[in-house]
Amino acid sequence: MELIHRNLLIGIHDALQETFFQEKKYADKVIERLLKAHRKWGSEDRKVVSEIFYNIIRWKKRLEYYMGEGVKPNNVYKLILAYLLWSKTHYKKFEEFDGIKIADILTKLKKGTVPTKAIEYSIPEWLAETLEKELGNTWEKEMQALNEQAPTILRANTLKTTAKHLIDELHEENVDCFPIRNYPDAVQLEEKKNVFLTSAFKEGLFEVQDASSQKIGEFLDVREGMRVVDACAGAGGKTLHLAALMKNKGQIIALDIFEWKLAELKRRAKRAGAHNIETRFIEDNKVIKRLHEKADRLLIDAPCSGLGVLKRNPDSKWKIDQDFIDRIKKEQQQILQDYSRILKKGGKMIYATCSILPSENSEQVKIFLENNAEFSLIKDQKIMPSEGFDGFYMALIERKN
């Protein structure tokens, strides 16, 4: 990889400034807007920009150590240069790099060591402490996995195709991909590609959905003709999977506190040919109360720290803190308590998060079960990032008759 075009450097600089220093600007949306604004960039240019942008976000703390200072709005070019030197990326000596002392950076690079584990894995000090406390001596292995680039995984939409047919279709459109063992509908891309431009996508033959996330739909044990409630549906990745597993038979009620996410879900459902989904905006508690004891199956994909998906959202580790995690844990308890009432007696529900912290996962389930004797745990599963995909937790809980 090399960085030899000045307009690419400026694009990376501006995108990093926006991500680090503007509120509520998330890396995936920032890079999407940048690439849309530069339609003339070729596929190689786009790849260079995306990779450097994400790697700098991922390794920010380590790069700050090499720079000898924290990143600020006026030293983002120094941050980029530190990354280019560390990663041995060939670059042109752009005027933006004039005046930056590279000798100090090179001295630290030559040492080959860094002073703390937080710097080594490029995470805030508080997070290194939290991970060690909760995961013990396996935390470093998981953090190493979370610093790798996430693979692109698709879920074949079985309302319209199969994984095998999807692979054939994508090969015809010059997208190299392959099936994943033990994940019946999953298809993995050989390399990152803009699959949203393919006719297979436009025809609704697949959704982009990580392999671990696909496990949740299967875990819920839905059947055709059931009434299923997805209580935190968001833009509906898991909702659409449930529709496919139910073969469009029965009813799925998708709830969320954000109307715009439900609007996106409707668009996606139309493309996927999923006709058994009804969206309901949670504007007050009445929406939940009306559903009490109405669902055969309930999915609670709870808001969480997102620490299991840092591979694809590396900027989130710079946007959260311990206070946020403490707040989200209270929210998880409240959601479990309130939304579990939606389940019929004899029904089953899943509590799921994309976190790897036991305090957000098995410990939340334990607290819930201690306070709600009419519920019991059937089974739970944790998927760790070191297994190759996103980190997830899921617990299948039954409401007794």
Going through the stretch 5-48 in order, the residues found to be among the aliphatic types (A, V, I, L, M), under 14 Å from Y77 (Cα atoms) and crowded, with 17+ Cβ neighbours inside 10 Å are L8, L9, I12, A15, L16
Which listed residue is among the β-branched types (V, I, T), touching a residue at least 60 places away in the same chain (Cβ under 8 Å) and in contact with a helix residue (DSSP H, G or I) (Cβ under 9 Å, 6 or more places away or on another chain), from I56, I80, I100, I105: I80
Please find, within the stretch 54-102, the residue that is surrounded by the most Cβ atoms within 10 Å (Cβ to Cβ) out of those that are under 23 Å from Q22 (Cα atoms) and among the acidic types (D, E). E64
One residue is enough: does the stretch 151-163 have a residue meeting the conditions assigned to a helix (DSSP H, G or I) and exposed (fewer than 14 other Cβ atoms within 10 Å of the Cβ)? no
Do we have any residue at all in the stretch 144-152 that's among the aliphatic types (A, V, I, L, M), modelled with pLDDT under 95 and under 30 Å from S359 (Cβ atoms)? yes
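Determine if the stretch 167-179 includes at least one residue that is among the aromatic types (F, W, Y) and either closer than 23 Å to P314 by Cβ or in contact with a helix residue (DSSP H, G or I) (Cβ under 6 Å, 6 or more places away or on another chain) (or both).
No, the stretch 167-179 contains no residue that is among the aromatic types (F, W, Y) and either closer than 23 Å to P314 by Cβ or in contact with a helix residue (DSSP H, G or I) (Cβ under 6 Å, 6 or more places away or on another chain) (or both).
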Which of the residues belonging to the stretch 113-150 are surrounded by fewer than 16 Cβ atoms within 10 Å (Cβ to Cβ) and polar (S, T, N, Q)? T113, T116, N137, T138, Q144, Q149
Give the stretch 184-213 a look and list any residue that's surrounded by 14 or more Cβ atoms within 10 Å (Cβ to Cβ), among the aromatic types (F, W, Y) and in a helix (DSSP H, G or I), or say none. F201
Could you please find all residues in the stretch 351-393 being in contact (Cβ under 8 Å) with a residue 24 or more places away in the chain, surrounded by fewer than 23 Cβ atoms within 10 Å (Cβ to Cβ) and of a type in the set (A, V, I, L, M, F, W, C)? V365, I367, F368, L369, F375, I378, I383, M384
Hey, could you check the stretch 271-284 for residues that are touching a residue at least 40 places away in the same chain (Cβ under 8 Å) and not in a loop (DSSP other than H, G, I, E, B) and say which is surrounded by the most Cβ atoms within 10 Å (Cβ to Cβ)? I277
For helices (runs of 4 or more DSSP H) lying entirely in the stretch 29-135, having 1 or more residues that are over 29 Å from S359 (Cα atoms) picks out 43-58, 60-67, 76-86, 102-111
Residue check, D221 against (1) touching a residue at least 60 places away in the same chain (Cβ under 8 Å); (2) open to solvent by 30 Å² or more (accessible area, probe 1.4 Å); (3) touching a helix residue (DSSP H, G or I) at 6+ places or on another chain (Cβ under 9 Å), all met but one. Which one? (3)
Which one of the conditions (1) free of Cβ contacts under 8 Å to residues at least 12 places away in the same chain; (2) under 20 Å from the mean Cα position of the chain (by Cα) does R290 fail to meet, given that it meets all the rest? (2)
Would you check if L343 is in contact (Cβ under 8 Å) with a residue 40 or more places away in the chain, crowded, with 16+ Cβ neighbours inside 10 Å and closer than 22 Å to I257 by Cβ? yes
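The values are calculated or read from the model by the stated rules, or taken from the named source; none is laboratory data. The shown structure was predicted, so the numbers you read here are calculated from the model rather than taken from an experiment. Cβ coordinates were reconstructed from backbone atoms using ideal geometry, including for glycine residues, and neighbour counts include every protein chain displayed. The accessibility values were calculated without ligands, DNA or RNA, using every heavy atom of the protein model including side chains. Shrake-Rupley method; radii C 1.70, N 1.55, O 1.52, S 1.80 Å.
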